[in-house]
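Only one structure is covered here, and it is reproduced in the block below.
The values are calculated or read from the model by the stated rules, or taken from the named source; none is laboratory data. As the structure is a computational prediction, the values presented were derived from the model and not from experiment. All Cβ positions, even for glycine, are placed from backbone atoms using ideal geometry, and neighbour counts span all protein chains on display. Surface accessibility is based on the protein's heavy atoms, side chains included, excluding ligands, DNA and RNA. Shrake-Rupley method; radii C 1.70, N 1.55, O 1.52, S 1.80 Å.
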Amino acid sequence: MSPTTTSLRSVSFSLYASSNSTPISTPIEARQLLSSCNRFYGLSSSSSSSSLTTSSLIGNLVFSSRNQSLSVKVQALAAETEQPKWWERKAGPNMIDITSAEQFLNALKDAGDRLVIVDFYGTWCGSCRAMFPKLCKTAKEHPNILFLKVNFDENKSLCKSLNVKVLPYFHFYRGADGQVESFSCSLAKFQKLREAIERHNVGSISNISSSASEKVEDSSE
């Protein structure tokens with residue numbers, strides 16, 4: 001059975017803006033509606049012979065509304081997927097991703113007497129993810145320290161040679177002294193990492209204190 005069509009001259013109806021069937025308060029003449037929407041839907045409103053199924057018109061409008069909603073959701077999802085993964089975020093220029101043993105050795109060599117902290121992590125490691133924001137904050141607080149990030153799964157040979165068996169795991173290196181400390185740490189025990197920084201970054205802290213003292217003396221003059 002074909003749908004019943006209705007003349008545009010005599011029909012008025014309420015539009016439904018969404019699938020929850022809430023009508024717009026004021027009925028709209030189909031002729032007026034069709035005329036105003038002509039440029040959007042390509043519909044004709046030129047003669048009395050033109051007729052349109054009201055359910056078809058409403059369906060087109062509701063379908064358009066749903067399409068717009070779907071488009072917004074897709075755009076939001078795309079924006080979300082463009083965000084970097086938690087382990088891809090960096091605190092600054094003093095935090096570097098290590099991708100090979102050669103790069104690791106060169107980074108230690110180029111650091112000179114600068115304190116180097118190596119963070120061995122896994123993308124699947126919950127403890128690694130939980131403490132990473134604090135590690136980034138610590139890196140920002142200590143721009144003089146070099147932080148190296150080593151992805152365990154992408155550098156298994158390197159991790160094995162360095163005897164890394166648990167995650168997260170940290171190595172501390174300092175110039176000619178080489179590796180000065182290593183330990184496992186979690187968010188609950190983050191103070192352990194802070195204390196290690198205080199022990200092995202003494203020289204840099206002294207330089208900062210001396211610089212601060214000089215600025216105070218200059219201002220007093």
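Could you check the simple spin-label distance between Lys140 and Gln179, using points 7 Å along Cα→Cβ, in nm with one decimal?
Using points 7 Å along Cα→Cβ, the separation is 3.1 nm.
Taking amide H atoms as placed 1.01 Å from N in the peptide plane, list the residues 5 or more away in sequence, or in a different chain, whose amide H sits under 5 Å from that of Leu115.
So Leu115 has HN proximity to Leu146.
Lys and Arg at +1, Asp and Glu at -1: add these up for the other residues within a Cβ distance under 10 Å of Asn94 and post the number.
Values: positive: Lys90, Arg114, Lys140; negative: none.
Result for the neighbourhood of Asn94: +3.
Leaving ligands and nucleic acids out of the surface, order Glu154, Glu141 by accessible area at 1.4 Å, largest first.
My answer, sorted largest first, is Glu154, Glu141.
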